[in-house]
Amino acid sequence: SRVLLTGGSGFIAAHVLDILLERGHSVVTTVRSQEKANKIKDAHPKYGKDKLDFAIVEDIAQEHAFDKAVVSDPPFEIVIHTASPFHFNVKDVQKELLDPAIIGTTGVLKSIAKSAPSVKRVVITSSFASIINPFEGDWPSHTYSEKDWNPINAEQAVENPAAGYRASKTFAEKAAWDFVEKEKPNFSLATMCPPLVLGPIVHYLNSLDGLNTSNQRIRDIMQGKAKEEIAPTGTYIWVDVRDLALCHVLAGEKEEAANKRFFITAGYFSNKEIAQIVGKNYPQYEDGLPTEKTPGGGYPEGGIYKWDNSRVKEVLGVKFRTLEESIVDTVKSLQAVGA
Ligand code: NDP
C-alpha cells in the first residue's frame, strides 16, 4: 500500500519505516527538515523515490500543518501518525507538549478527512500514559487493559512536565476517538498504547547525548550512573521497539484492527534487571555497574499492577522479544554511536 508515516526521524518511527519498506509498502514520511530527510534517504540506498519519499512538516502544532503532506500520487491508503513530543525538558507544558500532541493528532485527521478520501486506516501512536491511572500508584489489585483511561484533567495536566506528557497522550488519543465518532470519516482508527519502549536505535540519526527518552536509562547504566544507587524504575512494563513497530504496520494492514485500541506490552522489567543483563552480556562495563547489594531499581515491595496483553496477541498475532534480547541489542546499537 501507499503509506504516510509522520515523524520519520523518531526512535519508534525509524523501525516502522524499515518494516514498511521490507513488506513492500511505498512510503512518504514527514520530517522537520531537509537535512533529516537526506540522512534517512542516504541510509536506505536501495529504495527509489517511488518507494521512499519525504514531506517536510516543521511543526505539527500549527493548524493545517498536514494539508499538503496528506496529498500524494498515488494516493495514500494508510496513515501512521507517530510524531509527538516525548521528553520532559519543557518550560511551557501547553505549548511544548499538549499543543503538538493534540493539534498534531486532530490536525492530521482533519487533513485526511478533507483531502485524502482514499485513506482507509489511520494508526496513531498513543501510550500506556493514556491508560495508566497515575493517582492509584502501584495498584497491585488492578489489571490494566484497553478498557482503562487515564483520568487526568486539564488542570492537573499543567502541574509538571511528567503530568503534561501523560496528559498530552491521553487528550490526543481521546480527541482522535472523538473525531472518528463525530465525523464518521473515510477511515477507521487503531491506536497503539505501549509502555516504556526499549530497543536498538538507528545509528544514522542518533548521538549518545541526543538519545531518545526511553533508552536513556540503559545509556545511564552503561555510563556508571547506577553504581551507587539504581534509579527508580517508574513504569514497570515495557516492549521492544521492533515488536511495537511491527504492531503499527499490522494495525495498518489488517481489517480486524479497525477501531481498536491496543495495549502493547511484553511484560515486566526493572532497572535492576537491565543492569544485570548488561553485566552478564558485556563484562567490559562491570566496574561501573551495581552489584546484588546496590539499593534501588527493583519492584515495589507491596506489589505492582498487572497487565492484560491478550488483544494484541489475538488480533495482531505479534510475539514479543525478551528483555535480554532487547537490552543486548540496544547496548550494541549504543556502542555504534560511541558508548
Ligand atoms: P522520539 O523523540 O524519538 O520521536 C518523536 C518524533 O516526533 C520525532 O520524529 C520528532 O521530530 C517528532 N516531533 C515532536 N514534536 C514535533 C513537532 N512539534 N513538530 C513535528 N515533529 C515533532 O520519541 P519516540 O519515537 O519514543 O516517540 C514516538 C511516539 O511514541 C510518540 O508519540 C510518543 O509519545 C510515543 N511513545 C513512546 C514511548 C517510548 O517509551 N519511547 C512509550 C509510549 C509512547 P524531531 O526529532 O525532529 O524533533
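Each value in this text was obtained by applying a stated rule to the coordinates, not by laboratory testing. These figures come from a predicted structure and were not determined experimentally. Cβ atoms come from the backbone with ideal geometry, glycine included; neighbour counts cover every protein chain shown.
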If amide H atoms are modeled at 1.01 Å from N in the peptide plane, then the residues at a separation of 5 or more from TRP307, or on another chain, having amide H under 5 Å from its own are TYR144
Row for region 244-339, column shape: gyration tensor on C-alpha, a ≥ b ≥ c, rounded if a/c < 1.5 i.e. under 1.5, prolate if a/b over b/c, else oblate; value oblate
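Charges at C-beta only: +1 for Lys and Arg, -1 for Asp and Glu. How large is the resulting dipole of the chain about its Cα centre, in Debye rounded to 20? Can you show the working numbers first?
On the way: 39 positive and 44 negative charges, 146 e Å.
So the dipole magnitude of the chain works out to roughly 700 debye.
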Rounded to the nearest Å, the spacing of the alpha-carbon centers of region 7-31 and region 82-124 is 17
Once phi for every residue in region 198-205 is put through the Karplus expression 6.51 cos²θ - 1.76 cosθ + 1.60 (θ = phi - 60°), the whole-Hz ³J(HN,Hα) values, with Gly and Pro written as x, are 10, x, x, 8, 8, 5, 6, 10
Between the alpha carbon centres of region 240-283 and region 134-158 the gap in Å comes to 21
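Counting each DSSP H run of 4 or more residues in the chain as -39500 (n - 2.57), what helix-only mean residue ellipticity at 222 nm follows after dividing by all residues, to the nearest 500 deg cm²/dmol?
Working: 9 runs with 109 residues, N = 339.
Rounded to the nearest 500, it is -10000 deg cm²/dmol.
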Most fluctuating of LYS225, LYS114, LYS182 in the GNM of the chain (C-alpha, under 10 Å) is LYS182
A correct Karplus calculation of ³J(HN,Hα) over region 102-109, with 6.51 cos²θ - 1.76 cosθ + 1.60, θ = phi - 60°, whole Hz and x for Gly and Pro, returns 7, 5, x, 6, 5, x, 5, 5
If amide H atoms are modeled at 1.01 Å from N in the peptide plane, then the residues at a separation of 5 or more from ILE124, or on another chain, having amide H under 5 Å from its own are HIS81, ALA190, THR191, MET192
If every Lys and Arg gets +1 and every Asp and Glu gets -1 at its Cβ, then about the Cα centre region 66-134 yields a dipole, in debye to the nearest 20, of 120
The aspartates and glutamates whose Cα lies under 14 Å from the Cα of LYS147, excluding any fewer than 8 residues away in the same chain, are GLU173, ASP308
The lysines whose Cα lies under 25 Å from the Cα of LYS332, excluding any fewer than 8 residues away in the same chain, are LYS36, LYS39, LYS41, LYS46, LYS225, LYS227, LYS272, LYS280, LYS319
Computed ³J(HN,Hα) along region 51-63: with the Karplus parameters 6.51/-1.76/1.60, θ = phi - 60°, integer Hz and x for glycine or proline, the list is 9, 9, 9, 10, 10, 8, 10, 5, 8, 5, 7, 7, 4
Cross-link reach from LYS68 to lysines, straight Cα distance under 17 Å and at least 8 residues apart if same chain, gives LYS110, LYS114
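What is the packing order of peptides 40-50, 262-272, 76-86, taking the mean over residues of other C-beta atoms within 10 Å and listing the highest first?
Values: 40-50: 12.2, 262-272: 22.0, 76-86: 24.4.
Output ranking for 40-50, 262-272, 76-86: 76-86, 262-272, 40-50.
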